[in-house]
Amino acid sequence: MKFFWVTSAVINAAVSHSVESRLEAKADEHVSRLHVFYEFFSTMTGRGVMGKDASGQPIKILFDGNDAAEWLREFSGKVTLVEIDRKESLDALAKAQSLNVHGPQVYDYAHALAAAKAKADIVLTRNEKHFKGLTGKARIEWP
């Protein structure tokens, strides 16, 4: 199976060992985009995400810049990066209105385009509704 990792799934992997372990399956192929690295860095060094400590109490999880960069370096060794080029981007933007893509959803649309280009079987995201109707034949799955 080929998995496309969207930012929310990458963040989930950084804070959940069970999600991160999906990257270790030898039979699977993992794909993402470079843009995801910047979104990850922005979120994890900015607002962070909510998680739970060992006792189950809610905590805010933040990385400093060095930790975020190091985590991404390790992640990058487990994925292949796929990008959409200028022509593909402009052609896709010309079709965006017909797909009801507008506003910030355009960023998820770009991830979906890269997943399609990579021929991903599954798009991993915590924001399933953002990708509905955009991933072609790829299934949308919670990480």
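The values are calculated or read from the model by the stated rules, or taken from the named source; none is laboratory data. As the structure is a prediction and not an experimental result, all values here were calculated from the model. When we count neighbours, we look across all protein chains shown, and the Cβ atoms used for this are built from the backbone with ideal geometry, even at glycine. With ligands, DNA and RNA removed, areas are computed over all heavy atoms of the protein, side chains included. Shrake-Rupley method; radii C 1.70, N 1.55, O 1.52, S 1.80 Å.
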Of all residues in segment 106-115 being touching a Phe, Trp or Tyr at 6+ places or on another chain (Cβ under 9 Å) and of a type outside the set (Ser, Thr, Tyr), the one that is surrounded by the fewest Cβ atoms within 10 Å (Cβ to Cβ): Asp108
Hey, Phe63 under 27 Å from Leu113 (Cβ atoms), of a type in the set (Phe, Trp, Tyr) and modelled with pLDDT of 95 or more or not: no
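Only residues that are open to solvent by 30 Å² or more (accessible area, probe 1.4 Å) and assigned to a helix (DSSP H, G or I): list them for segment 116-142, please.
Result: Ala116, Lys117, Glu128, Lys129, His130.
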Within segment 79-89, tally of residues that are surrounded by 13 or more Cβ atoms within 10 Å (Cβ to Cβ) and not in a strand (DSSP E or B): 6
Complete set of residues in segment 90-105 that are within 18 Å of the chain's Cα centre (by Cα) and not in a loop (DSSP other than H, G, I, E, B): Gln105
Whichever residue in segment 49-73 is closer than 12 Å to Val15 by Cα and charged (D, E, K, R) and, among such residues, is least open to solvent (accessible area, probe 1.4 Å): Asp53
